[in-house]
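Data first, discussion second: the structure below is written as structure tokens.
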Amino acid sequence: MKSKFTPPIGKITQINGQCISLIGNDIDTDRIIPARFLKCVNFDLLGESVFEDDRETLKGSHPFDLEENKNATILIVNSNFGCGSSREHAPQALMRWGIKAIIGESFADIFYSNCIAIGIPCFTLSKKSIQEVQNNKDNKFLFLEIDLKNSLAKSKDLTLNLEIKESSRKMFLSGEWDATSTLLENEDFIENKLNCLPYLEFNSPIT
Amino acid sequence: MSQNTLFDKVWDLHKVSSLPGGSDQIFIGLHLIHEVTSPQAFGALKDKNLKVKFPERTVATVDHIVPTDNQSRPFKDNLAEQMIETLEKNCLEHKIRFFNIGSGNQGIVHVVAPELGLTQPGMTIACGDSHTSTHGAFGSIAFGIGTSQVRDVLATQTIAMNKLKVRQIWCDNKLSKGVYAKDLVLHIINKLGVKAGAGFAYEFAGPAIDELSMEERMTICNMSIEGGARCGYINPDEKTFSYIKNKLCAPKNKYWDKAITWWDSIKSDENSIYDDVIKLDASKVEPTVTWGITPGQSIGINQKIPLLDDLSPNDQFIAEEAFEYMGFNPGQSIKDTPVDVCFIGSCTNGRISDLRVAAEVLKDKKVYKEVKAFVVPGSEKVAIQAKQEGLDMIFKDSGFQWREPGCSMCLAMNSDKLIGNEISASSSNRNFKGRQGSPNGRTLLMSPAMVAAAAINGKVSDVREFMKK
Ligand code: SF4
């Protein structure tokens, strides 16, 4: 049984943990969390259902079911991870299962911003390096120390230069990745904008 | 970096501030919400003790979870009932306009907003739904957001976002008879790939795009996201303006001319600069069908499913996965593949023109005896219009079930689901594993006309053969 989930808050500078590899391109958010689990008004129970259908098909041999992975926190994926539906339920389910950071060849845009918005840094690495990590025989026990300040991931005998959008990196380091409060700081500008948009003047009100 | 495109102009106009770190704070002109991605956002507002900043800039409807057979309340599905009740409560509490079932304006959020005249050129539009790109058909910058960003829009009417690059996709010539916007967009996604759009807005342009009706343009922009582009748009023109004219929320009287002048001014300039330009010949596009598990895995109706060697190394991996999941062999024809279920609907192809096209194919014909076929209008307005035109009777006479509006088997959050490894011919937008409600169900995406043809023959068919007769 996993320990109780606590969402990340504040500055995120360092993530240490065991890796879990999930091989495949174009893994969409319907696979991460199938639509029937979206019938909920909060995200609390999603962790149990992450990859439900894929896991069911593989009957125990899916990476998310392997005993050796049960404490993993760093997910290693291939290209276009998280494509498809905008459902934030997908990163929420991963996070509630235990994932704290994702390293991949590439991510779909909306999935990426959803991850950033809830405090999961997503890093990119070349295809070659990803495959190296994924093929690493000792992978099941590969522990990485991710240092956001220098965008580096280190293990006993491996150093990886990670890439992350500068804006995301800064947000995590300063603890301002939870955007609402930053956005609210500009209240006056928002009001001004509202007053100068041409279409708000000529539109009929929504009745 | 792009310059003077519609995207640049609309972005600059809506930019509130540059945020530390390099992203921009963007004002959202219109915010659309539905029952699936909003409850947690309202919950977060409550936790942070925040109010909805401009409730009049948000509009709600219910679409994903609604049953399409019996819509009487309470819904049979308790969880679905709980979701609609939560949305009703949140809208009431925060004074948000909600188009509920029976209002005459309920339906799939991306069908409803254009019908109401809410969607207009030059706006920024956001919704907790990836197919928000649909609204770009009007020359708005419209994109899907996650629940945390829904919370941000509710609380501040803005979001933090990195500016996108702009790729123009220039479509020469025009589509031939029996080939539709759906075929064109499937073709584009196949050519460019499902992740090519990451970091880009797509501008669709050229004679083939100019030729399309507004509803067809919505089909194109709708599927931008399937090509990885968070937003896709088309510069507004006379067709755009006349579609909007007289809609409920359209500019009226003295404001109309003002609106047109402004809408004209936000088009991409003749000498705009794009980050990338791609050209293709629309006259070469055939009726297109997907054979795999991503919307990029498609072929023309008379082509064969590719051999592994025909594909780039990057695409081989997912192709192998697709062959196994779909039970298809490389090199086999897609034509004549038997289908179990035919579904016409969704925000891609559930509009009145889609129903008209399908009905024309189905008129005086019968659905193949072993096929289960049903049509789900995209909105109450579409349903009413279709009934006025007698389309519902054509569908019913042919053997299609006529349903109430909603998302239905596009994502199967209601009781409309594939069973086991059934194959569906579907006018929707995603053929992902398990998308239509069964963990091993299979989806073939195609135009509504092609779904109708498949329904009659009980197998994937070339709709053009129905047109010759
Ligand atoms: S019709 Fe399908 S794609 Fe469109 S909003 Fe509904 S579920 Fe999403």
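Looking at chain B only, what percent of DSSP beta bridges run antiparallel? Nearest 5 please.
Bridges in chain B are about 25 percent antiparallel.
What does the structure give for A:31-37 when I average, per residue, the other chain Cβ atoms found within 10 Å of the residue Cβ?
So the per-residue partner count for this stretch is 5.
What percent antiparallel are the DSSP beta bridges of the protein assembly as shown, to the nearest 5?
Counting only bridges with both partners in the protein assembly as shown, antiparallel ones make up about 35 percent.
Would you be so kind as to list the residues of the range B:285-327 that have their accessible area lowered by at least 10 Å² in the full protein complex compared with their chain by itself (1.4 Å probe)?
When all protein chains are present, B:294, B:314, B:317, B:318, B:321 each give up 10 Å² or more of accessible surface.
Please compute, for peptide B:39-51, the average count of beta-carbon atoms on other protein chains lying within 10 Å of each residue's beta-carbon.
Mean inter-chain Cβ contacts per residue within 10 Å come to 2.
Loop only per DSSP, at most 12 neighbouring Cβ atoms within 10 Å: give me the trypsin sites (Lys or Arg not before Pro) in the range A:1-65, ordered by residue number.
Filter output for the range A:1-65: A:2, A:4, A:59.
Length gain on complete extension for the stretch residue A:158 to residue A:68, per 0.36 nm per residue less the alpha carbon to alpha carbon distance?
Value of the extension gain: 30.3 nm.
Compute log10 of I(q)/I(0) for the range B:309-387 with the Debye formula, placing one identical point scatterer on every Cα and leaving out solvent, at q = 0.16, 0.25 Å⁻¹, to two decimals.
Values returned for q = 0.16, 0.25 Å⁻¹ are -0.81, -1.14.
Quick one: net charge around residue A:7, please, counting Lys, Arg +1 and Asp, Glu -1 for every other residue with C-beta under 12 Å from its C-beta.
0
Determine the per residue accessible area of chain A with all protein chains present and a 1.4 angstrom probe, expressed in square angstrom.
Normalised by residue count, the accessible surface of chain A is 44 Å².
How large is the helix-only mean residue ellipticity at 222 nm for the protein assembly as shown, computed as the sum of -39500 (n - 2.57) over DSSP H runs with n ≥ 4, divided by its residue count, in deg cm²/dmol to the nearest 500?
For the protein assembly as shown, the value works out to -9500 deg cm²/dmol.
Using only the alpha carbons of the range B:288-468, what is the convex hull's orientation-averaged projected area in square nanometres?
So the mean shadow area of the Cα hull is 9.6 nm².
Cα gyration tensor of the range B:364-415, axes a ≥ b ≥ c as square roots of the eigenvalues: rounded (a/c below 1.5), prolate (a/b > b/c) or oblate?
Note, shape of the range B:364-415 comes out oblate.
When the Cα centres of the range A:128-207 and the range A:31-106 are compared, how far apart do they sit, in Å?
Value for the Cα centre distance between the two parts: 19 Å.
Put a dot 7 Å past each Cα toward the Cβ at residue B:310 and residue A:9; how far apart are the dots in nm?
The modelled label-to-label distance comes out at 5.6 nm.
Averaged over peptide B:122-132, how many Cβ atoms belonging to another chain are found within 10 Å of each residue's Cβ? Please report the intermediate quantities before stating the final value.
Numbers: counts 3, 4, 1, 0, 0, 1, 4, 4, 10, 2, 2.
Other-chain Cβ atoms within 10 Å of each residue's Cβ, averaged: 3.
Of the cross-linked pairs B:252/B:381; B:89/B:396; B:335/B:468; A:165/B:279; B:76/B:366; B:366/B:433, which ones have a Cα-Cα span greater than 26 Å in the structure shown?
Beyond 26 Å between Cα atoms: B:89/B:396; A:165/B:279; B:76/B:366; B:366/B:433.
How far is the Cα center of the range B:219-262 from the Cα center of the range B:68-139, in Å?
When both Cα centres are located, 19 Å separates them.
Go through B:307-313, B:145-151 and give me the packing order, highest mean Cβ count within 10 Å leading. Mind dumping the intermediate values first?
Values: B:307-313: 11.0, B:145-151: 28.1.
Highest-to-lowest ranking by the protection proxy: B:145-151, B:307-313.
Rounded, prolate or oblate, given the Cα gyration tensor of the range B:111-269, with a/c below 1.5 counting as rounded?
Oblate.
In Å, what Rg and Dmax follow from the Cα atoms of the protein assembly as shown?
23.7, 72
Residue B:401 versus residue A:55, label points 7 Å from Cα toward the beta carbon: distance in nm?
Those two pseudo-labels are separated by 3.1 nm.
Restricting things to alpha carbons, find the Rg to Rh ratio for chain B using the Kirkwood radius for Rh. Please report the intermediate quantities before stating the final value.
Working: Rg = 21.3 Å, Rh = 22.4 Å.
My calculation puts Rg/Rh at 0.95.
Report the Rg/Rh value for the range B:6-265, based on alpha-carbon coordinates and the Kirkwood definition of Rh.
My calculation puts Rg/Rh at 0.97.
In terms of the Cα gyration tensor, with a ≥ b ≥ c the square roots of its eigenvalues, is the range A:14-176 rounded because a/c is under 1.5, prolate because a/b exceeds b/c, or oblate?
Judged from the Cα gyration tensor, the range A:14-176 comes out oblate (a/c at least 1.5, b/c at or above a/b).
Report the B-A buried area as the accessible area lost on both sides summed, probe 1.4 Å, in Å² to the nearest 100.
Values: alone 18670 and 12400 Å², together 25030 Å².
Summed over both sides, the interface buries about 6000 Å².
Quick one: Kirkwood hydrodynamic radius for the range A:101-174, alpha-carbon pairs, angstrom, one decimal?
For the range A:101-174, the Kirkwood estimate is 12.9 Å.
Using a 1.4 Å probe over the heavy atoms of the protein chains, calculate the carbon and sulfur portion of the accessible area of the protein assembly as shown as a whole percent.
50
Enumerate the residues in the range A:1-42 having an amide nitrogen under 20 Å from the point lying 7 Å beyond the Cα of residue A:132 toward its Cβ.
Inside the label zone: A:17-24.
Given a 1.4 angstrom probe, what's the average accessible area per residue across the range B:6-265, in square angstrom? Don't jump to the answer; show the numbers that get you there.
Numbers: 7730 Å² over 260 residues.
On a per-residue basis, the range B:6-265 sits at 30 Å².
Could you pull out the chymotrypsin sites (Phe, Trp or Tyr not before Pro) across the range A:1-99 that fall in loop regions by DSSP (anything but H, G, I, E, B) with no more than 14 other Cβ atoms inside 10 Å?
Here the sparse-neighbourhood loop sites are A:5.
Give me the number: length gained by fully extending residue B:273 to residue B:210, i.e. 0.36 nm times residue separation minus the C-alpha to C-alpha distance, one decimal in nm.
Fully extending the segment from residue B:273 to residue B:210 adds 20.7 nm.
Using the alpha-carbon atoms, what tilt in degrees (0 to 90, nearest 10) does helix A:187-196 show relative to the longest principal axis of chain A?
Approximately 60 degrees, to the nearest 10.
Can you tell me how much longer the chain between residue B:264 and residue B:388 gets when fully stretched, taken as 0.36 nm per residue apart minus their C-alpha distance, in nm with one decimal?
Numbers: separation 124, 0.36 × 124 = 44.64 nm, distance 3.45 nm.
Roughly 41.2 nm would be gained on extension.
I'd like the accessible area for residue B:53: 1.4 Å probe, protein heavy atoms, all chains in place, Å² to the nearest 10.
Rounded to the nearest 10, the figure is 40 Å².
May I ask you to list the lysines whose Cα is less than 22 Å away from that of residue B:9, ignoring any residue fewer than eight positions away on the same chain?
Of all the lysines, those that pass the test against residue B:9 - Cα under 22 Å, at least 8 places apart if same chain - are A:193, B:163, B:165, B:239, B:258, B:267.
The values are calculated or read from the model by the stated rules, or taken from the named source; none is laboratory data. Nothing here was measured: the structure is a model prediction, and the numbers come from that model. As a convention, Cβ positions derive from the backbone with ideal geometry for all residues, glycine included, and neighbour counts pool all protein chains shown. Keep in mind that these areas ignore ligands, DNA and RNA; they rest on the heavy atoms of the full protein, side chains included. Shrake-Rupley method; radii C 1.70, N 1.55, O 1.52, S 1.80 Å.
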